[in-house]
Amino acid sequence: MARELRCQSEKGLFLIVTYFFRNAYYRPHSHAGLTTHIILRGELTIRYPDADLPEKQTFGPGSIVNVEAKQRHEVWVGDQGCTYTIGEDQIVPTPK
């Protein structure tokens, strides 16, 4: 559902370039650290299901979206897919 390129800066900030395939859905999840998303192409819609009034918000090219550490969110990707960069201050390895 996604392709990623990961690298780490000298200061420990991780940068991930991700392409989400069109019409993808990612169920509610969270990340260990703050994530900053910069939308390069396409659109994504995000919702925070634990918010008092959980509403969907759609973001397009040039948008910057910050998701706080441990904040549950779910994501929908538009018809054209979505390419963006993510800056993360902490990445937890995926279990094998």
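None of the figures in this text is laboratory data; all of them are computed from the coordinates on show. Values in this document were obtained by computation on a predicted structure and should not be read as measured data. Note that we place each Cβ from the backbone using ideal geometry, even for glycine, and neighbour counts take in every protein chain shown.
Figures for the structure shown
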{"quantity": "Within the range 55-87: backbone nitrogen closer than 18 Å to the F21 label point (7 Å, Cα to C-beta)", "calculated": "75-84"}
{"quantity": "Anisotropy class of the range 42-90 from Cα gyration tensor, a/c 1.5 cut", "calculated": "oblate"}
